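Q: Here it is: the structure, laid out below.
Every number here is computed from the coordinates shown, using simple stated rules; none is lab data. Values in this document were obtained by computation on a predicted structure and should not be read as measured data. Neighbour counts run over all protein chains shown; Cβ positions are idealised from the backbone, glycine included.
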Amino acid sequence: MDDPKSVESALKIVESALKDERDILIACRELALLRSCLPSISDDVFDTFLGVASEVDDIPLGCIRNNWNDKKLIEKDNEAEHYREQVDSIVREALFKILEDLRMLKHAKWRH
């Protein structure tokens with residue numbers, strides 16, 4: 001059974017990423033962490049987020065950036081930007097798919 005708090009969290013992540021209020025790479029990492037809490041969401045949808053999160057696990061995103069050397073950070077930022085451009089359309093497609101699923105889960109929760 002899907003965790004209602006995880007459904008809400010995932011909805012916020014997805015909606016903010018689609019509005020460009022959240023970096024898509026960070027969104028992928030955050031959604032990947034919620035995988036076990038959302039078992040009714042298809043693996044096909046989550047595979048995109050898990051794959052991207054895996055590819056960027058060595059890139060400093062978020063507050064951890066404060067601990068990085070400036071020169072190395074520039075290098076990693078360039079790497080992140082290049083990868084972001086490569087996966088943008090695939091990630092957005094997956095975000096739209098999971099958004100539909102999450103809205104259905106939320107709606108089903110309200111009906112019970």
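Q: When the helices in the chain are scored as -39500 (n - 2.57) per DSSP H run of 4 or longer and the sum is shared across all residues, what 222 nm value do you end up with, to the nearest 500 deg cm²/dmol?
A: About -24500 deg cm²/dmol.
Q: Run down the aspartates and glutamates and flag those whose C-alpha is under 15 Å from the C-alpha of residue 106, throwing out any fewer than 8 positions away in its chain.
A: Cross-link targets: 2, 3, 8, 15.
Q: Quick one: what are the phi-derived ³J(HN,Hα) couplings along region 26-37, Karplus 6.51/-1.76/1.60 with θ = phi - 60°, whole Hz, x for glycine and proline?
A: Using θ = phi - 60°, the values come out as 5, 4, 4, 4, 5, 5, 4, 5, 8, 3, 5, 8 Hz.
Q: Shifting gears a bit: With θ set to phi - 60°, apply the Karplus curve 6.51 cos²θ - 1.76 cosθ + 1.60 along region 12-19 and write out the HN-Hα couplings as whole Hz, x wherever there is a Gly or Pro.
A: 4, 4, 5, 4, 5, 5, 5, 8
Q: Hey, what angle do you get for helix 70-111 against the long axis of the chain, alpha-carbon based, 0 to 90 degrees rounded to 10?
A: For helix 70-111, the angle is close to 0 degrees.
Q: Can I ask one more? Rounded to the nearest 20 debye, what is the charge dipole size of the chain about its Cα centre when +1 sits on each Lys and Arg Cβ and -1 on each Asp and Glu Cβ?
A: Value, rounded to 20: 540 debye.
Q: Restricting attention to region 1-92, which GluC sites (Glu not before Pro) occupy a DSSP loop and are surrounded by at most 12 other Cβ atoms within 10 Å?
A: Those satisfying the criteria are 21.
Q: I'd like to know how region 4-111 sits against the 2.2 N^0.38 Å rule of thumb: what's its Cα Rg over that expected value?
A: 1.12
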